[in-house]
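Every number in this text was worked out from the coordinates using simple rules, so none of it is lab data. Computed from a predicted model, the values in this text were never measured in an experiment. As a convention, Cβ positions derive from the backbone with ideal geometry for all residues, glycine included, and neighbour counts pool all protein chains shown.
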Amino acid sequence: MHLILLALLPFLGSAWLALLPRASRGVHAGIAVAHVVAALGLLLFVAPGVLNGIADQVRYAWVPALDLSVTLRLDALGLLFAGLILGIGLLIVVYARFYLPAGEPMGRFLSLLLLFQGAMLGIALSGNILLLLIFWELTSLSSFLLIGFRSDKAEGRQGARMALAVTGGGGLALIGGLLLLGHVAGSYELTDVLAQGDVVRASPLYPAALVLILLGCFTKSAQFPFHFWLPHAMAAPTPVSAYLHSATMVKAGVFLLARLWPVLAGTDLWFYLVATTGLITMVVGAAIALFRHDLKAILAYSTVSQLGLMTMLFGFGTPAAALAGIFHLLNHSLFKAALFMNAGIVDHEAGTRDIRLLGGLAKLMPITAALGMIAAASMAGLPPLGGFLSKEMMLEEAVHTAWLGAPWVVPLVALVGAALSVAYSLRFIVQLYLGPQRDAYPASPHDPPAGLWAPSALLVALTIAVGLFPALLTGWLITPAAADITGGTAPEFHPALWHGITPALMLSVIAVAAGGLMLWRHGPLLRGWELLRLPDAKRLFEAALERLVQWARRMSDAVHNGSLQRQLALMFLLAVVIGVEAIWYGGYAPGTRPLLPAPPVAIVAWTLLLAATAAVALVPRQRFVTLIYISVIGLVVSLAFIYLSAPDLALTQISVETVTILLLLLALNLLPKQPVQLSSNQERARNLLLGLAGGTASGLAAWAVMTRAPNDPISSYHWANSYSGGGGTNVVNVTLVDFRAFDTFGEITVLGIAALTIFALLQPAARGVSGQRLREWIADLPRSPERHPMMFAVAARLLLPLAMMVGLYIFLRGHNSPGGGFIAGLIVSIALLMQYMASGFEWADQRRQIDEHALIGFGVIIAALTGVGSLLFDAPLFTSAFGYFTLPIVGKFELATAMLFDIGVALAVIGAVMLALAELSHIAQRAQKEPAEDDGPMDVDPAKLRGLQR
Amino acid sequence: MSMEFLVATAIGALTAGGIYLCLRARTFPVVLGLAMLSYAINLFLFAMGRLVVGRPAIYEKGATGYTDPLPQALVLTAIVISFGMTALALVLALRTFLETGTDQVDGRPDPDLLDRENRT
């Protein structure tokens, strides 16, 4: 239970912050701190149990059919990672409170930060690998928002996009890999998967699963050749960089390597893939870091290098190396978060991050300089700091590792990496803080208020303490965490500053000496590096992206030439071919159900329908006349519904018909009325042939079904339960508002969306090119001299209350007799539309009390609340309840919750119909009122640009 | 002639007309074609419940036969949704016409527009 609360706390904080965008900065920071502190407290509360070897676990089935469950599990490894996420997260929140300038939206920033923290915490706590995937993707998405927080800056957007493309792409691979892993292991529960190591490694699917999972880890942890996204993610505000790139985001990949170590590690494939990648990344990242000038870029590439180091250690596949890896993960989090905060302070106070413009800051900002130098010394691996211990352990493991039988490869390359790390760390110290003071800095540097340096001071103090008393301070956590990684007993953890003269110490000394040398000769080295002209990863990435887009465009151009005709013709042709194929192989078998005799009236109506259909199709140029034919079709269909026992459908059809014709009339007013014929006779013959084929097929299909005996799997259930279960005798209506209310809810939502889309399409139509065209538009039809005939206006006004009464009546009786929300909504709409027609848009619109958007919204919300309400009574969603009541005079009557639902339906229908027609009816007038040159929503109006080009 | 024959042929005719109109080169007939296809499809769905005369789906104790209520409920919402779809397609057509000055959808240049450009 604690774990659920722990996992939820960051999300709760995030939601709360998002809901209070206007609160003061202090309140925002307070809320964030409170949630993180609470989570940290909860973590400490459960920690003793976890460390005593009792992994805490809760499990709720989510989608049992997929073996997906919300399993949260906390072991020592998870505890370590969660502790880093929350502990450093707390310091980052405090730091951000003082770092962000007053203009930036603090609430949004902290809300996103906590969202990201929740996702990371979810990775640490997941006890089901599918759940882990979900959190994994959530970190990619939330980090996208954080990296692109300054969305007004191009580099922020590009960096965010690149990070999302790379880590999201890796996430896709990871999905495949984890699905394969779960498939092989026979379960997606982490405990079960971890127990199946031998089975997994012996499986033929192991290589595929391993490569896919590693792709996910390597992209996330910025391993070569996917390292390039990380430096570009530095466009984020510094607190984000300090959080994402020290303790969290990029460590997720390394964490997953550790998490799945018992299952995946121990094979040659693992060793050569993971250790080699780590080794290369370590050297490449360190080399680039040495030649960058932006403080954050130096730190970013050093992070790449350090992640490579950890990856390599896990790749070695020995328990001792895994122990060193997890210890370095802790140390790196401490000093790297401190260093990022430090770089942020320098940027903040000195006004630049370019190391070439800086130097000699030690005298100007002594506190900052002291903290920065100690943290950098830990990064360099100098004693007596935490970084020294884990680097020593790394070198020790490297000495004992052979690569392709050669014992010298790994130690040599690791030595090069270590020397480079010493060089860039010392450069940070020497070129930033030491050396002569500059005459001028972009700003006047001085130590910031304590809120900015205190968080990094705490981390620096920790890194010193860990260096001095490693076993005492970290042994209790590192040992069980290492035991969790290896899935057995932990290797012995005896870190010390002095082990005697060992090969590792010798290498360390050489590394420091070589690093110092490299820094001394940095100038010539830099010139040599620049001569290399290494490819710029960002340019390569953008070029690849560009090519992809071009390729996609060429594909879609090839498939789609801009002709709707061709698209539709292909689709119809395919449908006909499939139908013919079905009849060809399945046979055509109408049944022998007794037929209904057709009365003469029906035959007359049928003849009318056929004639009208032919007329619409064959006389297309007289567009107004075709509308009359269309309405004839609608009328005949309504009559058919009445005759064939479907009064509800008839009512709906006839009212929809009215509204549709009105809509077509309004649109036609602005469209060409008698256009030139475009298609050749040959094309028309082809279309006619396709139409006849489709028509014949659908007619034959309908005939075959109608002449067979009904196959009734569920309809009789509706009939039998309508009155007893739904409380209504009109089974069609009860089906709509009760049995299939969820469907109906979906339908009104879709209808509302369609109406809002129409609004969105027509609202801006009064501006730009289209507005220009509307203003130039001249009514091309003779107008009646009387715009609002008196008889019509008076009659419409008299009819309004009557029509409203009819609507209400149809609504109320709907549950038991033909009628209901849909039909009532349409009738009321028509009554209102009549006012618009009779008295003009302006007059009617001024008297309108309720906004159509609100009507749609209220309708959908009322329907939703009614549906959700049933959950309160422990009934399934959208269950209706009803009862019978008696009032004096009125007598006995029925009240049903379904009626409330039907009110929602009616409101949504009214809103949607009115919005669509009202928008369409006055678009031309609106364009007249719009000034010809207006300030659009954008500085650059694409529509105008196109107009200029023409 | 039987009712089944009339309904089946009506569905066929409406489908044929709908397809033919949808394949025309201008937007307005395409919208009409969509509307006509909606009639055909709604009738088709309705016919899946078989044709019954004079026995609407109003529940009464002891009623022996009744029409199938389920297709009717589905078609009822389908009619309303087809209205939404027709309206959206129509407005899309209108906005396209207002933006581009042509209501053609066959991917070829509009003769009217070319004409006007040649004159100016």
Q) So, counting K/R as plus one and D/E as minus one, what does the shell of residues with Cβ under 13 Å around A:His446 add up to? A) -1
Q: Any of A:Lys363/A:Lys391; A:Lys296/A:Lys336; A:Lys153/A:Lys538; A:Lys153/A:Lys336; A:Lys336/A:Lys391 with alpha carbons more than 22 Å apart? Name them for me.
A: A:Lys363/A:Lys391; A:Lys153/A:Lys336
Q: Could you tell me how many degrees, from 0 to 90 and to the nearest 10, lie between the Cα long axis of helix A:450-468 and the main elongation axis, the longest principal axis, of the Cα atoms of chain A?
A: 50
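Normalising by the residue count of segment B:3-119, find the relative contact order in percent from Cα pairs under 8 Å and 6+ residues apart. Please report the intermediate quantities before stating the final value.
On the way: 101 pairs, mean separation 28.8, N = 117.
Taking the mean separation of contacting Cα pairs over the length of segment B:3-119, I get 25 percent.
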Q: Provide the net charge surrounding A:Trp843, with neighbours chosen by a C-beta distance below 13 Å and charges set as Lys +1, Arg +1, Asp -1, Glu -1.
A: +2
Q. Going toward the positive end of the dipole of segment B:3-119, with +1 on Lys and Arg Cβ and -1 on Asp and Glu Cβ, which of B:Tyr59, B:Thr86, B:Thr9 do you reach last?
A. B:Tyr59
Q.
Test of understanding: what is the full-extension gain from A:Ala704 to A:Asn561, defined as 0.36 nm times their sequence separation minus their Cα-Cα distance?
A. 47.6 nm
Q) By how many degrees, between 0 and 90 and to the nearest 10, does the Cα long axis of helix A:154-185 differ from the longest principal axis of chain A? A) 90
Q.
Give the separation of the Cα centroids, segment A:488-540 to segment A:830-900, in Å.
A. 73
Q) Expressed as a whole number of Å, what is the distance separating the alpha-carbon centroids of segment A:214-257 and segment A:161-210? A) 20
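Using R₀ = 45 Å, calculate the FRET efficiency as 1/(1 + (r/R₀)^6) where r is the Cβ-Cβ separation of A:Ala760 and A:Ala881; round to 0.05.
0.75
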Q: Would you mind listing how long chain A runs along its three principal axes, going by Cα atoms, in whole Å with the largest first?
A: 112, 70, 63
**Q.** segment B:3-119 - Kirkwood radius from inverse mean 1/r over Cα pairs (Å)
**A.** 16.9
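Please give the direction-averaged projected area of the C-alpha convex hull for segment A:642-771, in square nanometres with one decimal.
Orientation-averaged projected area of the Cα hull: 13.1 nm².
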Q | Computed label-point distance, nm, for sites A:Val676 and A:Ala154 using a 7 Å Cα→Cβ extension | A | 4.4
Q) Which of the helices in chain B, when you take each full DSSP H run, stretch at least 24 Å along the axis at their Cα atoms and have an average Kyte-Doolittle score of 1.6 or higher? A) B:27-47
Q) Which part of segment B:82-100 falls in the paramagnetic zone of A:Ile661, meaning amide N under 20 Å from the point 7 Å along Cα-to-beta-carbon? A) B:82-88, B:90-91
Q.
Going Cα to Cα from A:Lys251, which aspartates and glutamates come in below 16 Å? Please leave out same-chain ones fewer than 8 positions away.
A. A:Glu137
Q | Computed over chain A: relative contact order in percent, which uses C-alpha pairs under 8 Å that are six or more apart | A | 8
Q. Which is the longest part of chain A that has none of the GluC sites (Glu not before Pro) sitting in a DSSP loop with at most 12 other Cβ atoms within 10 Å?
A. A:1-491
(Q) Can you give me the Kirkwood hydrodynamic radius for segment A:536-603, using every pair of distinct Cα atoms, in Å to one decimal? (A) 17.7
(Q) On C-alpha positions alone, give me the angle between the axis of helix A:249-259 and the longest principal axis of chain A, in degrees, nearest 10. (A) 80
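So which trypsin sites (Lys or Arg not before Pro) in segment A:487-556 pass both tests, a DSSP loop state and at most 13 other Cβ atoms within 10 Å of the Cβ?
Listed in order of number, the matching sites are A:Arg521, A:Arg533.
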Q) Given +1 on the Cβ of Lys and Arg, -1 on the Cβ of Asp and Glu, and no further charges, what dipole in debye does chain A carry about its Cα centre, rounded to the nearest 20? A) 1820
